[in-house]
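To start, the structure under review is shown below, and the notes come after it.
We did not get these values from a lab; they are worked out from the coordinates using the rules stated. This is a predicted model, so every value here is computed, not measured. Neighbour counts run over all protein chains shown; Cβ positions are idealised from the backbone, glycine included.
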Amino acid sequence: MPQETRAAKRSYFLATGLWPWLSGSSWSRDPRLTSGLLRPPALVATVGGTLVLAERRKRLTRELMFLGVTIAAGLGCVDVFFVLRGRVPKVYPADAAVEAMLVAEWIRRA
């Protein structure tokens, strides 16, 4: 898999993992969801950080790539699920689309 694809995925995970912490109001319209939903982005940022470290150390294994792909696919599904129920802002389909493109690229290049 090309360096650009891996770098894009790592950066995207880090950015989306930090987004709710930096701008909670744009992240969820339901205050009951906001506090409980801040935990998963921390996990996403952790995965992104792990992928960054693995890439820098030239240890990005198939297992770590699988982790990146499955996290992206799962997050895309969650985005669509909550948008269809009107629980999160309409920006989430854009996030799901980016996740789908990154998953497709990872799979194509694997």
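Structure data summary
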| quantity | calculated |
| --- | --- |
| Segments 58-68, 74-84 sorted - mean Cβ within 10 Å per residue, highest first | 74-84, 58-68 |
| Cα principal axis extents for the stretch 47-91, largest first, Å | 42, 15, 10 |
| Under the Karplus curve 6.51 cos²θ - 1.76 cosθ + 1.60, θ = phi - 60°, whole-Hz ³J(HN,Hα) for the stretch 53-67, x wherever Gly or Pro sits | 4, 4, 5, 4, 8, 6, 10, 7, 7, 4, 5, 5, 5, 4, 4 |
